[in-house]
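**Student:** Handing you a structure now.
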Amino acid sequence: MANNAWRRLVGGGERLWAALGLAIVVTLWEIGHRAYGDFVLPSPLSTLTALGHVAASGDLWPAVVTTARDALSGFLAATLTGSLLGGIAGRSMPVRSMLQPMATMLIGVPAIAWVVLSLLWFGGSGLAATFSVAVAVGPVVFAAATQGTRTVDGGLRTMARAFRVPLGAMIADVYLPHVLSYLLPALGTALAMSWKVAVMAELLSGAGGIGDGLAAARAEVDTAKTMAWVIVVVALLLVVDRLVIEPVRRHFETWRRGLPGEAA
Amino acid sequence: MSQEGALTASGIGHGFAGARVLDDIEIWVPKGNVLAILGPSGRGKTTLLHILGGLLVPDAGRVERPFERPAFVFQDPLLLPWRTARGNVAFGLAGTRLARADRLARARSMLVKVGLGHSEAGLYPHQLSGGMKKRVALARALAVEPDLLLLDEAFSALDVGLSREMQQLVRLDAQERGVTVVLVTHDLSEAVRLADQAVVLSGRPGRIVARLAIERPARLRDDAFVEAEIRRIAAIETIRDAFRPTLSI
């Protein structure tokens, strides 16, 4: 009997296990709260209450919009520039040799340094956050796009050339599907990074957004409020990942799972 | 001896990374004729085919290729893994002016001709067997209605019956539309069934060591003729030497 129940649990699907993982985190959190008290680690419940207060005060929504704007605009700029340059670099040895050391250098600069620099350059405007995100995330996208373009099957390229396929179809049907298998995981990472850098920039610039909220919570020494903001960032990240990245990934990888129904 | 529309190659030589692969190749295929390139493996047959098809520029010599729509069947099927069988055949038509729907329709009917029905048309390459992939590649080439068809071991992964059927399909299609065909094979019977003339490549670098003409029209070649012809060809000394390690009849 117990054996059967166990088997049902094991085979119970991904959602069940995901829920179990979350439950463990919340339980550990609650245990931590009981051990160290309200100041160090507010309970999950009081964090939710703090979140409710923030929402009720009308600070939540503008902050979410600002942070989303900062993170996504930077992410978009990084994606466009990174994939375009990466695509060219993957096809051209001189461009690759020239850009790769630059990208490595840019990756080496700590994100917080970009934040400080862009605050000096752009002041307290929203542009500072956008720029920090773009320049911190761009090289990651670039590296993936380069690697993807470089490893496109030479045989397929020859085949396309033999059939005198036009450049548009060549890019869309030979290059893109292969490059995306490198690019999409990188874009997932890049998106997560974008939120972090945006919040960091906002925290220092004080020009609104979730980072600004965090700075205020810190000034008020309000741990529950701080945790509440953290939850907001994480929720935002998850929502965008599930709503944007995941469907795109699923669309382009139909063939991997071998599901029929894909048109030409 | 130039003739309008013939595929001509003269003085072809080529090498990879310093090693010469082909030397002093002369080829002349009149429009609508079928040339077979025979020879043991590793003697530059594929390289020569790529040169004739314009995929490779030879180090020496020149090729006259008065054709507008060349089509290839490569040794590997070279299908796009992210496209269905139908999508792959339609991809060969991407350079034409056909609308998308027409391309797909033509792809579907060409797949039927190579014996792949509606259910297989929607499958991805990794869901197809080796022989099916080969047939998709053949359908992709025939779908463009080529005036020059280049086949690299196109029938080699197929079982005997299927391979005969596909050969028949290519022969009929080529005859009907006057397609010039160059096929690479190590299978003498394939050459004897399809070709009007054949060259045998051998040695390193590969040179043409023998030229054969098969006079009887392809549609009149029955099994007895093919068998007798193979025996006749296999008896020729230079050919026996070239094939010594692989010949087994």
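**Student:** Which of A:GLY74, A:GLY87, A:GLY123 moves the most in a Gaussian network model of chain A with Cα springs under 10 Å?
**Tutor:** Between A:GLY74, A:GLY87, A:GLY123, it is A:GLY123 that shows the largest mean-square fluctuation.
**Student:** Quick one: helix A:176-205 against the long Cα principal axis of chain A, what's the angle to the nearest 10°, folded into 0 to 90?
**Tutor:** 30
**Student:** Moving to a separate point now. In whole angstrom, how far apart do the alpha carbon centroids of segment A:43-81 and segment B:220-245 sit?
**Tutor:** Taking the Cα centre of each part, segment A:43-81 and segment B:220-245 sit 79 Å apart.
**Student:** Rounded to the nearest 0.05, what FRET efficiency do A:VAL239 and A:ASN4 have when you use their Cβ-Cβ distance and R0 = 35 Å?
**Tutor:** The calculated FRET efficiency here is 0.40.
**Student:** In addition: Over chain B, what is the relative contact order in percent, taking alpha-carbon pairs closer than 8 angstrom and at least six residues apart?
**Tutor:** For chain B, the relative contact order is 26 percent.
**Student:** How compact is segment B:147-249 by the rule of thumb for globular proteins, expressed as Cα Rg over 2.2 N^0.38 Å?
**Tutor:** 1.07
**Student:** For B:ARG221 and A:SER97, what does the FRET efficiency come to when R0 = 60 Å and r is the distance between their Cβ atoms, rounded to the nearest 0.05?
**Tutor:** 0.55
**Student:** Can you pull out the buried accessible area for chains A and B, both sides counted, probe 1.4 Å, rounded to the nearest 100 Å²?
**Tutor:** 2400
**Student:** How much of the DSSP beta bridge set in the protein assembly as shown is antiparallel, as a percent to the nearest 5?
**Tutor:** Rounded to the nearest five, the antiparallel share is 50 percent.
**Student:** Could you tell me which of the pairs B:LYS45/B:LYS113; B:LYS45/B:LYS134; B:LYS31/B:LYS133 are separated by over 22 angstrom between their Cα atoms in the structure shown?
**Tutor:** B:LYS45/B:LYS113; B:LYS31/B:LYS133
**Student:** Just for the Cα atoms in chain B, what are the lengths along the principal axes, largest first, rounded to whole Å?
**Tutor:** For chain B, the Cα spread along each principal axis is 51, 41, 35 Å.
**Student:** I would also like to ask the following. Once both labels are modelled 7 Å past Cα along the beta-carbon direction, what's the B:ASP24-A:VAL40 spacing in nm?
**Tutor:** 9.0
**Student:** Would you list, by chain and number, the lysines whose Cα falls below 27 Å from the Cα of A:LYS196, excluding same-chain residues fewer than 8 positions away?
**Tutor:** Within the straight-line cut-off, A:LYS196 pairs with A:LYS225.
**Student:** Identify the residues of segment B:130-145 with backbone N under 16 Å of a label point that sits 7 angstrom from the Cα of B:ASP159 along the Cα-to-Cβ direction, or state none.
**Tutor:** Output list for this probe position: B:130-135.
**Student:** Ordered by packing density, taken as the mean number of other Cβ atoms within 10 Å over each peptide's residues, highest first, how do A:45-52, A:196-203, B:75-82 rank?
**Tutor:** For the peptides A:45-52, A:196-203, B:75-82, the packing ranking is A:196-203, B:75-82, A:45-52.
**Student:** Now for a separate question. Give the average, rounded to an integer, of partner chain Cβ atoms located within 10 angstrom of each Cβ in B:85-98.
**Tutor:** Whole-number average of other-chain Cβ neighbours for B:85-98 is 4.
**Student:** Let me have the 222 nm mean residue ellipticity of chain A computed from DSSP H runs of 4+ only, each contributing -39500 (n - 2.57), with the sum over all residues rounded to the nearest 500.
**Tutor:** -26500 deg cm²/dmol
**Student:** Place a point 7 Å from the Cα of A:ALA56 along the Cα-to-Cβ direction; which residues of segment A:204-220 have their backbone N under 19 Å from it?
**Tutor:** Residues A:217 fall inside that zone.
**Student:** Could you list the GluC sites (Glu not before Pro) in segment B:1-89 that lie in coil according to DSSP, counting only those with at most 13 other Cβ atoms within 10 Å of their Cβ?
**Tutor:** For GluC sites (Glu not before Pro) across segment B:1-89 that sit outside H, G, I, E and B with at most 13 neighbouring Cβ atoms in 10 Å, the list reads B:GLU4, B:GLU68.
**Student:** Using the alpha carbons of chain A, what is the convex hull volume per residue in cubic angstrom, as a whole number?
**Tutor:** Convex hull of Cα atoms, per residue: 193 Å³.
**Student:** Just from the alpha-carbon atoms, what are the Rg and Dmax of segment A:122-194 in angstroms?
**Tutor:** 16.6, 55
**Student:** Shifting gears a bit: What whole number of Å gives the distance from the Cα centroid of segment B:33-57 to the Cα centroid of segment B:86-165?
**Tutor:** What the calculation gives is 22 Å, centre to centre.
**Student:** Mind checking which of B:GLY44, B:GLY61, B:ALA141 is farthest towards the positive end of segment B:19-167's charge dipole, using Cβ charges of +1 (Lys, Arg) and -1 (Asp, Glu) about the Cα centre?
**Tutor:** B:ALA141
**Student:** What is the pair-distance distribution P(r) of the protein assembly as shown, computed from all Cα-Cα distances in 20 Å bins starting at 0, with each bin given as a whole percent?
**Tutor:** Calculated P(r), rounded to whole percents: 18, 36, 25, 16, 4.
**Student:** What value, in deg cm²/dmol to 500, does the helix sum -39500 (n - 2.57) over DSSP H runs of n ≥ 4 give at 222 nm once divided by the residues of chain B?
**Tutor:** Result for chain B: -11000 deg cm²/dmol, rounded to the nearest 500.
**Student:** While we're on this one: Out of segment B:6-46, which trypsin sites (Lys or Arg not before Pro) are coil in DSSP terms and have no more than 16 other C-beta atoms within 10 Å?
**Tutor:** B:LYS31
**Student:** Expressed as a rounded percentage, what relative contact order does chain A have, with Cα pairs under 8 Å and six or more residues apart?
**Tutor:** It comes to 23 percent, rounded to a whole number.
**Student:** Which residue, B:GLY130, B:GLY53, B:GLY161, tops the fluctuation ranking in a GNM of chain B built on C-alpha contacts under 10 Å?
**Tutor:** Comparing B:GLY130, B:GLY53, B:GLY161 in the GNM, the peak value goes to B:GLY161.
**Student:** For the charge dipole of chain B, defined by +1 on Lys and Arg C-beta atoms and -1 on Asp and Glu C-beta atoms about the Cα centroid, which residue among B:VAL179, B:LEU128, B:THR84 has the Cα displaced farthest towards the positive pole?
**Tutor:** Result: B:THR84.
**Student:** Would you mind telling me the antiparallel percentage of the DSSP bridges in segment B:144-227, rounded to 5?
**Tutor:** Of all bridge pairs located within segment B:144-227, approximately 55 percent are antiparallel.
**Student:** Would you mind calculating the relative contact order of segment A:113-264 from Cα pairs under 8 angstrom and at least 6 residues apart, reporting the percent as a whole number?
**Tutor:** Worked out over segment A:113-264, it gives 24 percent.
**Student:** Over the whole of B:152-161, what's the average partner chain Cβ count within 10 Å per residue? Rounded to a whole number, please.
**Tutor:** Shielding by partners across B:152-161 averages 0.
The values are calculated or read from the model by the stated rules, or taken from the named source; none is laboratory data. Please read these numbers as outputs of a predicted model, since none were measured by experiment. Please note: Cβ atoms are built from the backbone with ideal geometry, for glycine as well, and neighbour counts cover all protein chains shown. The protein model used for the area step is the full one, side chains on, heavy atoms only, and it has no ligands, DNA or RNA in it. Shrake-Rupley method; radii C 1.70, N 1.55, O 1.52, S 1.80 Å.
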